[in-house]
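Enquirer: Once you've had a glance at the structure underneath, I'll fire off some questions.
Since every read-out is calculated from the coordinates, none of them should be taken as a lab result. What you see is a predicted model, and the numbers here were worked out from it, not measured in a lab. Cβ sites come from the backbone with ideal geometry, for glycine too, and all protein chains shown count toward neighbours.
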Amino acid sequence: MEIRWLEDFLALARTRHFSRAAEQQHVSQPTFSRRIKLLEESMGTTLINRQTLPLSLTPAGEIFQELCERVTRDVRDTRDRIAAQDAEASARISVGSTQGLFSHFYQGWATEMGVAGRLQLNLTATNWVGEQFLDALECGDCDLVLCYWHPDLPWGERLTRDKYMWQAIGREALVPVSIADDQGKARYQLPGSVEQPVPLIAYHSRGFLQSAIEGHLRRHKLSGHLLPLNENTQSASIKALVKQGFGMGWLPKRMTEKSEQFGRLARAASEDWDVPLEIRLIRLRDARSDDILNLWKQLEP
């Protein structure tokens, strides 16, 4: 049984005339009559009294009319709600965010700025690495990018004012941490030594953060003896391995605060080894919609 059969029946119940009902439903009379017959066969009873002029409903037809009105009304209301939901979703501004910022910064910032309802996260962005965020902006996979930024990005020269606009909306620091020993001290501590290098859970070389760490150590002449064990694109993966005692790693401070409170992680070095970061919101200079421009102006300090 199809919804349009129910609509046909309601048209016939209103007009009490096969030809006029068929015309309302924009089908030929033979087609319309065949649908009504199929409907009666599906229900296993006669719904239309064809012996009266005008046509009338049988007692079963009157009961069935109530069902048709209820079902078609529910379908119509549901369609309207879905259409409204789709329109609302399409009007939202798509944001691509790194996994760390998505988990520990985005929601609080969006709520504080009063823009949470106007933004929609592109969850596939948590799999993007480094330059792929700018690629996504250019090809339309997102309207805004929320990411960490620092002067040592190997592809930072790509971010030019003739093509992109950005705002610094926050600050962060990468903190060197290790699992704590029984005395609450870091099991692995910088700088290590040639004989005993510090096992390191590193970031992916193409991401935002590994080059920040290397640039900071180089500029401040901090020489660490490190033994990289693997590379990860996500801060959460590094945190998981550090907490399991495989080595030390640099984590965004927002990710370490709860763990430090409960003593599971400890600093692996002094604050000299902390790596400052900027949190940026980036868009194309030629914004795709006025909604993006209006939001941008609202967020400007």
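Enquirer: Going through the stretch 168-257, which trypsin sites (Lys or Arg not before Pro) have at most 12 other Cβ atoms within 10 Å and a DSSP loop state?
Expert: Sparse-neighbourhood loop trypsin sites (Lys or Arg not before Pro): LYS185, LYS221.
Enquirer: Okay, next question. If you take every DSSP beta bridge fully contained in the stretch 40-190, what fraction is antiparallel? Give it as a percent rounded to 5.
Expert: Details: 3 of 9 bridges.
Bridges in the stretch 40-190 are about 35 percent antiparallel.
Enquirer: In Å and whole numbers, how far do the C-alpha atoms of the stretch 3-89 stretch along each principal axis, longest first?
Expert: For the stretch 3-89, the Cα extents along the three principal axes come out at 52, 26, 20 Å.
Enquirer: Out of the chymotrypsin sites (Phe, Trp or Tyr not before Pro) in the stretch 223-285, which ones are loop residues according to DSSP with at most 15 other C-beta atoms within 10 Å?
Expert: Qualifying residues, ordered by number: PHE262.
Enquirer: I would also like to ask the following. What value, in deg cm²/dmol to 500, does the helix sum -39500 (n - 2.57) over DSSP H runs of n ≥ 4 give at 222 nm once divided by the residues of the chain?
Expert: The helix contribution divided over the chain gives -12500 deg cm²/dmol.
Enquirer: Modelling each spin label as a point 7 Å along the Cα-to-Cβ direction, I'd like the THR45/SER28 distance in nm, to one decimal.
Expert: About 3.2 nm, to one decimal.
Enquirer: Another question, if that's okay. Taking every pair of Cα atoms in the chain, average 1/r, invert it to obtain the Kirkwood radius, and report Rg/Rh to two decimals. Can you show the working numbers first?
Expert: Numbers: Rg = 31.8 Å, Rh = 24.2 Å.
Reported Rg/Rh, Kirkwood definition of Rh: 1.31.
Enquirer: Compute the signed sum of charges (Lys and Arg +1, Asp and Glu -1) over the other residues within less than 12 Å, Cβ to Cβ, of PRO154.
Expert: My count for the surroundings of PRO154 gives -2.
Enquirer: In addition: In the neighborhood of THR124, defined by Cβ-to-Cβ distances under 13 Å, what is the net charge if each Lys or Arg adds +1 and each Asp or Glu adds -1?
Expert: Net local charge, THR124 excluded: -2.
Enquirer: Suppose R0 equals 35 Å; then what is the FRET efficiency for THR72 and LEU159 from their Cβ-Cβ distance, rounded to the nearest 0.05? Display every interim value, and only then the final one.
Expert: Numbers: r = 54 Å, r/R0 = 1.56.
Calculated value: 0.05.
Enquirer: Please report the net charge: other residues with Cβ closer than 13 Å to the Cβ of ASP135, K and R +1, D and E -1.
Expert: It works out to a net charge of 0.
Enquirer: State the antiparallel share, in %, of DSSP beta bridges confined to the chain, rounding to the nearest 5. Please list the in-between numbers first.
Expert: Working: 25 of 38 bridges.
Here the antiparallel bridges make up roughly 65 percent for the chain.
Enquirer: Further, regarding this structure: Extension gain GLU2-ALA116, at 0.36 nm per residue separation less the Cα-Cα distance, in nm?
Expert: Going from the current span to full extension adds 37.0 nm.
Enquirer: On to the next question. Filter LYS185/LYS239; LYS185/LYS253; LYS185/LYS243; LYS163/LYS221 down to the pairs with a C-alpha to C-alpha distance above 24 Å, please.
Expert: LYS163/LYS221
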